[in-house]
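S.K.: Have a look at the structure that comes next, please.
The values are calculated or read from the model by the stated rules, or taken from the named source; none is laboratory data. Because the structure is a prediction, the values reported are computed rather than measured. Backbone-built Cβ (ideal geometry, glycine too); neighbour counts: all protein chains shown.
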Amino acid sequence: MKRQKKQTVDTGTQPLATRAKSTLKRELQPPARLRLRVTAAAETQLRAGHPWVYGDSVREQNRDGAVGELAVIYDRKDAFLAVGLFDPDSPIRVRILHAGKPQAIDGAWWAARLTQSVGRRGGLFDDRTNGYRLINGESDGWPGLVLDRYDQTLALKLYTAAWLPRLEEISHLIRAQLKPERLVLRLSRNIQALARKTISAEDGQILYGNRLEACPTFLETGLRFEADVCHGQKTGFFLDQRENRRAVESLANGRTVLNAFSFSGGFSLYAARGGAVSVTDLDISEHALASAERNFALNRSHARIARCPHERVQADAFEWLTGNGQRAFDLIVLDPPSFAKREVERSGAIRAYERLAALAIQHLARDGILVACSCSAHVTAEEFFAAVRQAAGKSARPFQEIQTTHHAPDHPVKFKEAEYLKAIYLRF
Ligand code: SAH
């Protein structure tokens, strides 16, 4: 990996630079700061704090830019508007790091930003929870970058190639400031080939610390879970669902529970600790069910968990719910993967949520509770809630709405496109 040179942002008082006059001059001098001007609509969005500039909003650019370099955006009067990470190959051309008054983006700036993100989590957790999100992308000022803590192991996930040239700098900073035992790199699928080619980095690579013999474990509200940090979905665990899991714990006493799309059994362990009569994990993946079994084993010291029967069903949830009409549960959790990865899939996803909720309601006993979750960013909370309420209405059973929930405090969301998680709780 090449170490990125420290870069600073100029003050923004100069007019847009013209292209260097001769090749010789270009070779002798560092390239001029990459400067952009954007459409009036994009200027307004930037002033309102939106963290993205799309390629088709760029009106002027002083030269070609390289992936990950700093781009400074000036307004119509040539005053500094914002600075961000440039990506010539992405429709999101600039991911904003800072907007407002000009600031030097140097080592001290990055260090302060990390301190800020960590500080934002201060007081959220006691020592019974050592797995949580430390950096939540754009909403923490780190566009396309996530940092999760699993006890002494940190997982750094990059969703955009714009971070690749800075990986070494950022991983040094994380190591110096947070002093983890281990730092694991995760790369979203779309940037894996480029990372291999340009900086010889691999998804699942341990950037710092000892090799892992097994998945590390961590605590969430006193429950122990394993996290497949090197290969699992996201960074190995769905940390975003902690608050819903806690709510399920408080509702589970004396109930038979179906955890559909159970993954590694997160909701089931909370339900068991909350006094569930039995829990059934339903997932299409054998791997996920095996992880849930290990997680139950890790928590045998909790008497309620040790005595709670734990059934595991490997099946497609839609098929299983369609074909097992006689099974009834007192509490059903639905937490499927995203049904809409793209905008065009939105209306199909809304129909699928309604169908899934309708199927689950057929399996709910009298006084049963449905907890339906959605993690599709393309389906809004209101659209999702409406779909579930619609299914409930069509069931012709009386129901009450207990609550709706959104993002957890360690997963802050500061702009519309980042909102994805929502859940609705209904009692029949
Ligand atoms: N509720 C979990 C996260 C669920 S992730 C938690 O709190 O940790 C979604 C899960 O759905 C994955 O484990 C995936 O294997 C499973 N899945 C995907 N499609 C499925 C299907 N058609 N039927 C059942 N499970 C499915």
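S.K.: Being surrounded by 21 or more Cβ atoms within 10 Å (Cβ to Cβ) and either of a type in the set (Val, Ile, Thr) or in contact (Cβ under 8 Å) with a residue 12 or more places away in the chain (or both): is that true of Ala292 here?
M.R.: Yes; evaluated as a whole, the condition is true for this residue.
S.K.: Do you know which residues across region 242-275 are buried (at least 23 other Cβ atoms within 10 Å of the Cβ), among the hydrophobic types (A, V, I, L, M, F, W, C) and near the ligand (Cβ under 8 Å from one of its atoms)?
M.R.: Those that are buried (at least 23 other Cβ atoms within 10 Å of the Cβ), among the hydrophobic types (A, V, I, L, M, F, W, C) and near the ligand (Cβ under 8 Å from one of its atoms): Ala260, Phe263, Phe267.
S.K.: Further, regarding this structure: Out of everything in region 202-217 that is over 23 Å from Phe263 (Cβ atoms) and of a type in the set (D, E, K, R), what residue ends up being surrounded by the most Cβ atoms within 10 Å (Cβ to Cβ)?
M.R.: Selected residue: Glu202.
S.K.: Taking the condition modelled with pLDDT of 95 or more, surrounded by 15 or more Cβ atoms within 10 Å (Cβ to Cβ) and either more than 15 Å from the ligand (Cβ to nearest atom) or assigned to a loop (DSSP other than H, G, I, E, B) (or both), does Phe339 pass?
M.R.: Spelling it out, Phe339 is indeed modelled with pLDDT of 95 or more, surrounded by 15 or more Cβ atoms within 10 Å (Cβ to Cβ) and either more than 15 Å from the ligand (Cβ to nearest atom) or assigned to a loop (DSSP other than H, G, I, E, B) (or both).
S.K.: Let me ask something else about it. Run Ala396 past the list (1) modelled with pLDDT of 95 or more; (2) of a type in the set (A, V, I, L, M); (3) more than 20 Å from the chain's Cα centre (by Cα) and report the number of the one that doesn't hold.
M.R.: Failed condition: (1).
S.K.: Could you please give the count of residues in region 360-390 that are in a helix (DSSP H, G or I), surrounded by fewer than 21 Cβ atoms within 10 Å (Cβ to Cβ) and among the hydrophobic types (A, V, I, L, M, F, W, C)? Steps first, please.
M.R.: Taking region 360-390 and keeping what is in a helix (DSSP H, G or I), we get 360-362, 381-390.
Then drop every residue that is not surrounded by fewer than 21 Cβ atoms within 10 Å (Cβ to Cβ), which leaves 362, 381-383, 385-386, 389-390.
Restricting the remaining residues to those that are among the hydrophobic types (A, V, I, L, M, F, W, C) gives 381, 385-386.
Matching residues across region 360-390 total 3.
S.K.: If we keep just the residues of region 218-241 that are under 15 Å from the mean Cα position of the chain (by Cα) and surrounded by fewer than 23 Cβ atoms within 10 Å (Cβ to Cβ), which is nearest to the ligand (Cβ to nearest atom)?
M.R.: By that ranking, first place goes to Phe238.
S.K.: How many residues does region 276-311 contain that are within 14 Å of the ligand (Cβ to nearest atom) and of a type outside the set (Asp, Glu)?
M.R.: The qualifying residues number 14.
S.K.: How many residues are farther than 13 Å from Phe263 by Cα and either within 12 Å of the ligand (Cβ to nearest atom) or at pLDDT 95 or above (or both) if we restrict to region 312-323?
M.R.: Residues in region 312-323 being farther than 13 Å from Phe263 by Cα and either within 12 Å of the ligand (Cβ to nearest atom) or at pLDDT 95 or above (or both): 5 in total.
S.K.: Among the candidates Ala155, Ala162, single out the residue that is crowded, with 18+ Cβ neighbours inside 10 Å, in contact with an Asp or Glu (Cβ under 6 Å, 6 or more places away or on another chain) and part of a strand (DSSP E or B).
M.R.: Sole residue among the options that is crowded, with 18+ Cβ neighbours inside 10 Å, in contact with an Asp or Glu (Cβ under 6 Å, 6 or more places away or on another chain) and part of a strand (DSSP E or B): Ala155.
S.K.: Moving on. What are the residues in region 283-298 that are out of contact with any Phe, Trp or Tyr (no Cβ under 6 Å at 6 or more places or on another chain) and hydrophobic (A, V, I, L, M, F, W, C), if any?
M.R.: Listed by number, the residues that qualify are Ile284, Leu289, Ala290, Ala292, Phe296, Ala297, Leu298.
S.K.: Based on what the data block shows, is Val344 modelled with pLDDT under 95 and of a type in the set (A, V, I, L, M, F, W, C)?
M.R.: yes
S.K.: Restricting the search to region 324-336, which residues are assigned to a loop (DSSP other than H, G, I, E, B) and within 14 Å of the ligand (Cβ to nearest atom)?
M.R.: Listed by number, the residues that qualify are Asn324, Asp335, Pro336.
S.K.: If we keep just the residues of region 342-359 that are under 20 Å from the mean Cα position of the chain (by Cα) and away from the ligand (no atom under 16 Å from the Cβ), which is surrounded by the most Cβ atoms within 10 Å (Cβ to Cβ)?
M.R.: Arg346
S.K.: Evaluate region 124-131: report whether one residue or more is in contact (Cβ under 8 Å) with a residue 12 or more places away in the chain, in contact with a helix residue (DSSP H, G or I) (Cβ under 9 Å, 6 or more places away or on another chain) and buried (at least 22 other Cβ atoms within 10 Å of the Cβ).
M.R.: So far as region 124-131 goes, yes, one or more of its residues are in contact (Cβ under 8 Å) with a residue 12 or more places away in the chain, in contact with a helix residue (DSSP H, G or I) (Cβ under 9 Å, 6 or more places away or on another chain) and buried (at least 22 other Cβ atoms within 10 Å of the Cβ).
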